[in-house]
Amino acid sequence: MENRDLSRAADLLRSARRIAVLTGAGISAESGVPTFRGPHGLWRQFRAEDLATPEAFARDPKLVWEWYDWRRGIIAGVVPNPGHRTLAEWEARFPEFALITQNVDGLHAKAGSQNLIELHGNIWKMRCTKEDTVSDDFDSPLKKIPPFCPSCGALLRPHIVWFGESLDTTMISRAFAASSACEVMLVIGTSSVVYPAAALPIRAGESGAKIIEVNPDPTPLSSYADISIRGKAGDILPRLAECLDFGDR
Ligand code: BJW
């Protein structure tokens, strides 16, 4: 990564009033949350078809819940890193700042981000398969696997968007609106292969925004981005914040 990219990115951010950020599993990697793809990713160890589809849940809810219980255990033991914390601080620094995340780990909220769009749900929420009611649950390990709805007795499922399922219409509308309206979009720690999330930077670019990517590795978005900063989010974002020097705004 060249310092020139960092200072060009800081120039773009400094002159913008409306910022949108799209994050993926990479921003939580330095906290100790496994990513999905790549050499140490979850999809190297497990098949998405067995664990992250509605068909898999219908076939074997206990197996799916055991996998989520294991992941909840990992996430319960970690804390936000400087990447999450920098984004939380930036929320108050820009007139409009929307943080769109594909992550289900809740670490952005834990870092203090408030204007947050969780596209793929949240691992600390459960949904009743009969009544569709959503409730918080922070038990780790879970008391009972699989869990059942205390009000109607039906099976509970993780409040997470699996492959082949539609995203919450309010969340995805808000995400596309923020992408269309922003002047700069930062795309951090995502492989940019899962849709519709991967379409958000394209929408932003088509609406005239500049795209800045932060990722140690190239992705399908890299050639489209105006600036690709090669590096880890927990290192790059605090350095970008230093370059921004909000004192003079
Ligand atoms: C670092 C780093 C560091 C490492 N710092 N960076 C159009 C075209 C083709 C297919 C489709 C399409 N539209 C819909 C589809 C089907 C499907 C899809 O996109 N499939 C593709 C894989 C081909 N999409 C869906 O099914 C979606 N639903 C939908 O569109 O409904 C309508 C519809 C249905 C069917 C057909 C057509 C329309 C739903 C998607 C739900 C995704 N759910 C998951 C799993 C949830 C399970 C769970 O978490 O428990 O969400 S998949 C998984 O991938 C997870 C993530 O949120 C998502 C994105 O992954 P992410 O965040 O990018 O992580 P990684 O691991 O891929 O990448 C990490 C990156 O970080 C890497 O680049 C590293 O280099 C980097 N990194 N360390 C910065 N320190």
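The values are calculated or read from the model by the stated rules, or taken from the named source; none is laboratory data. What you see is a predicted model; the values in this text were computed from it and never measured. Cβ sites come from the backbone with ideal geometry, for glycine too, and all protein chains shown count toward neighbours. To get the accessible areas, we keep the full protein, side chains included, count just its heavy atoms, and leave off ligands, DNA and RNA. Shrake-Rupley method; radii C 1.70, N 1.55, O 1.52, S 1.80 Å.
Overview of values
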| item | result |
| --- | --- |
| Among beta bridges that DSSP assigns inside the chain, antiparallel share in %, nearest 5 | 25 |
| Net charge of Cβ neighbours under 14 Å - reference ASP168; Lys, Arg +1; Asp, Glu -1 | 0 |
| Protection proxy ranking of 179-186, 67-74 - average other beta-carbon atoms within 10 Å, highest first | 179-186, 67-74 |
| Gain upon complete extension [ASP11, GLU206; 0.36 nm per residue less C-alpha separation] | 68.1 nm |
| GNM flexibility winner over the chain from HIS40, HIS108, HIS159 (Cα, springs under 10 Å) | HIS40 |
| Dipole magnitude (debye, nearest 20) for the stretch 61-167, charges at Cβ of Lys, Arg, Asp, Glu | 300 |
| Computed over the chain: relative contact order in percent, which uses C-alpha pairs under 8 Å that are six or more apart | 26 |
| Gap separating the Cα centres of the stretch 110-175 and the stretch 34-48, nearest whole Å | 22 |
| Cα-derived Rg over Rh, computed across the stretch 170-236 with Rh taken as Kirkwood radius | 0.96 |
| ASN3-ASP136 pseudo-label distance in nm [points 7 Å out on the Cα-to-Cβ vector] | 4.5 |
| Calculated diffusion of the stretch 1-87, Stokes-Einstein form, Kirkwood radius summed over Cα pairs, 20 °C and 1.002 mPa s, µm²/s | 135 |
| Angle between the chain longest axis and helix 233-244 axis [Cα atoms, degrees, rounded to 10] | 30 |
| P(r) weight above 22 Å for the stretch 131-247, C-alpha pairs, percent | 53 |
| Semi-axes of the equivalent ellipsoid for the stretch 55-201, Cα gyration tensor, largest first, Å | 29, 18, 14 |
| Backbone N within the stretch 52-74 under 12 Å of label point (7 Å from CYS152 Cα along the Cβ vector) | none |
| Protein accessible area in the chain, 1.4 Å probe - carbon and sulfur % | 51 |
| Two-site label geometry, ASP50 and ASP217: point separation in nm, points 7 Å out along Cα→Cβ | 2.2 |
| Over the stretch 51-106 - Rg/Rh using Cα atoms and the Kirkwood inverse-distance radius | 1.17 |
| Relative contact order of the stretch 123-178, defined on C-alpha pairs under 8 angstrom at six or more residues apart (%) | 34 |
| Surface per residue (accessible, 1.4 Å probe) for the stretch 2-99, Å² | 48 |
| Sum of side-chain charges, LEU12 neighbourhood, beta-carbon under 14 Å (Lys, Arg +1; Asp, Glu -1) | +1 |
| Rule-of-thumb Rg ratio for the chain [Cα; 2.2 N^0.38 Å; N residues] | 1.03 |
| Environment charge at ALA111 (Cβ cut-off 12 Å; Lys +1, Arg +1, Asp -1, Glu -1) | -1 |
| On Cα atoms only, tilt of 61-76 relative to the major axis of the chain in degrees | 40 |
| With Cα atoms, 0 to 90° folded angle of helix 3-14 axis to the chain main axis | 80 |
| Distance between modelled label sites at VAL193 and PHE246, nm, 7 Å Cα→Cβ extension | 3.5 |
| By average C-beta atoms within 10 angstrom, highest first, the peptides 82-88, 231-237, 215-221, 142-148 | 82-88, 231-237, 215-221, 142-148 |
